[in-house]
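Okay, structure first, notes after.
The values are calculated or read from the model by the stated rules, or taken from the named source; none is laboratory data. Please read these numbers as outputs of a predicted model, since none were measured by experiment. Neighbour counts are summed over all protein chains in view; Cβ atoms, including those assigned to glycine, are modelled from backbone coordinates with ideal geometry.
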Amino acid sequence: MITSKSITLSIIFLLYLVSCVSSQRETKFLNHGFLGANLLKFGSSKIHSSGLLELTNTSMRQIGQAFHGFPISFLNPNSSNSVSFSTSFVFAITPGPTTPGHGLSFVISPSMDFTGAFPSNYLGLFNTSTNGNPSNRILAVEFDTVQSVEMKDIDDNHVAIDQNGVVSIESAPAAFFDDREAKNISLKLASGEPIRVWVEYNATEMILNVTLAPLDRLKPSLPLLSRKLNLSGIISQENYIGFAAATGTVTSSHFVLGWSFSIEGKASDFDITKLPSLPDPPPPFSPSPNPPVSAKKNSNNTKLIIVFVASGTFGLMFLGFLGVCVFRRNNTFFTGGARKFSYQTISSATGGFNRFLGEENSGRFFRGQLAPTEIIAVKRITCSTRQQRLSMIAQIDAISRVRHRNLVNLIGYSSRGNEIYLVYKYVPNGSLDRFLLSNERPVLNWSDRFNIIKGIAKALQYLHSECQSTLIHGNVKSSNVLLDEELHAQLGDYGQGNRQSNTGHVAPELVEATAVPTCDTDVFAFGVLIIEIVCGRTAIEPTKPPEEISLVNWVFQGFRKNKLLECCDARINREEMVAREVLLVLKLGLLCTNRSPQVRPVMRKVVQYLDGTEPLPHDD
């Protein structure tokens, strides 16, 4: 009995000690480096032998996260009001070989599970479905090094406060207040140098302050950001705190050197001599300095220099000649802005054209692989006449110069006999029609659909008015819209001659045999397409009741009866649907499909309507 009682008391005492230790860890800590720290790592994050926390390296599309192992209570259990807190940390962002990307954030979240989060602009915290969702209950302070127009970023070097998504509620260009000069001094986030941050919340005044400065500076007297927030309405009772970082097609290494945190008190100061060192950055490329030249040169030296220059010039010409010969031998070279491949290269990459992706009226598509990390899609076009083949090759130069995030960009081409092979970057999620018209893909929510519509509009605006010469698409439809891994729209199959879209997308003026596609006919097809995206069906469905066979006519009748929302795809979650945006898109679709080309808006106006910077005309 005595032994049992002793064991029981010992267990209770140990549990009490564990509870005390846990409580202490949950309210205050100081880490100079992270060796032995209570830290949980996810994704690409790792701890170096020096104690340095690395969230990402300079590989593309990485997500790295690290969180304090214990949840922390940010709400007062007696009153359900938020409590004050203070945290400070030191981070560094070292850019990759090109421009830096995408950024790092300090996060307060009810969960450490970010399954499904996207890299790049979403910083490894959200995706197109969760971005901006109030149920996230996430607060973040981001240090962003890429400007995303879609996320309404102010520039490519800013600090921001995010609530439930990456569209910030407060932001400012990265800077610190210099007390001696009494002004803000800009600070480059991706400089590779350590930067110290203070994030402090005053629960009484309900003010969140964000301050930053170079590591060797004292804390500035004025914060960079100051936002009034009632955290009791934003975050949950218990939350995890930590860091997240991500890369995209542009990359950076994101590091955290130290971290201090305190509830209801000031976070402890760092001893900067105890912080781990950053790894040496790769040496920048620079040409060798010119050797010192003596002011007094004799004629022999001059002759020697001339001989060296002449020899060097000849050598360079010879090397250039060899390079051309090698490229011609491999039949892979650049001409007119487009990369030309040999037929053997394309055939080998596609497994002898056995990796079939799909077929359109204008050609068949095949999946291929040029290199371990270069996946391609090849379109094979059969030209019935020599004139058609020459016209197609003439178009390649114009197509190859087109570069836009919402367009499927051409990598190169090949030709053999009467066949042309267009080589594009492979877009992993396939075409939009598979999401809208079949059950082989998940149902797109409203946020995804609205973003896709805006992406298509921006692509057409670029083709019509922003590239070097106007390009008419001529075949705007859902099967020609591809979706990348983040469900961003990429419009393909553009600039390939005067072609008419499928039934239901053809503008009335194109019924004449001599008519050719124009910007106005593209706008008509775009109007039909965005109505299809909202309604989740094709433009013409003969099996429907007579009044519903033509989608545009059916939606127009819904407009006249003030029942437009009833036309919306029934599979869309009504709680996530934004009625104002749905009505805007359907009305815009009807405006674009007006029988009179003069009434249809140009794509520049369409983008403004969708962005909300211009009111929709004829809203009645």
Practice item. Just name the residue that is surrounded by the most Cβ atoms within 10 Å (Cβ to Cβ) out of those in segment 376-427 that are under 22 Å from the mean Cα position of the chain (by Cα) and among the hydroxyl-bearing types (Ser, Thr, Tyr). Key: Tyr424
Check your understanding: Quick one: what pairs do we get from segment 334-354, first residue aromatic (Phe, Trp, Tyr), second in a helix (DSSP H, G or I) and modelled with pLDDT of 90 or more, C-beta under 8 Å, 6+ apart or different chains?
Key -> Phe353/Ser347
Review point. Based on what the data block shows, is Ser59 over 30 Å from Asn230 (Cβ atoms), at pLDDT 90 or above and of a type in the set (S, T, N, Q)?
Key: no
**Study point:** All positions within segment 201-230 that are crowded, with 20+ Cβ neighbours inside 10 Å and small (Gly, Ala, Ser)
**Key:** Ala213
Check your understanding: Does segment 67-100 hold any residues that are part of a strand (DSSP E or B), farther than 20 Å from Ala244 by Cβ and out of contact with any Lys or Arg (no Cβ under 9 Å at 6 or more places or on another chain), and which are they?
Key -> Ser73, Leu75, Ser82
**Study point:** Residues satisfying the stated conditions in segment 531-566, i.e. under 30 Å from Asn136 (Cα atoms) and surrounded by 14 or more Cβ atoms within 10 Å (Cβ to Cβ)
**Key:** Ile533, Val534, Cys535, Gly536, Leu565
Check your understanding: Can Val427 be described as part of a loop (DSSP other than H, G, I, E, B), closer than 30 Å to Met151 by Cα and at pLDDT below 85?
Key -> no
Study note, to complete from the structure: Filter segment 197-218 for residues that are modelled with pLDDT under 95 and acidic (Asp, Glu); the one that is farthest from the chain's Cα centre (by Cα) is Glu205
Review point. Which condition number in (1) under 30 Å from the mean Cα position of the chain (by Cα); (2) closer than 30 Å to Ser469 by Cβ; (3) at pLDDT below 95 is the one that Ala579 fails?
Key: (2)
**Study point:** Residue among Gly64, Gly124 that alone is modelled with pLDDT of 90 or more and assigned to a loop (DSSP other than H, G, I, E, B)
**Key:** Gly124
Practice item. Among the numbered conditions (1) assigned to a helix (DSSP H, G or I); (2) of a type in the set (Lys, Arg); (3) in contact with a Cys (Cβ under 9 Å, 6 or more places away or on another chain), tell me where Arg574 comes up short. Key: (1)
Study note, to complete from the structure: If we ask which residues in segment 219-242 are under 30 Å from the mean Cα position of the chain (by Cα), of a type outside the set (Lys, Arg) and not in a loop (DSSP other than H, G, I, E, B), their number turns out to be 8
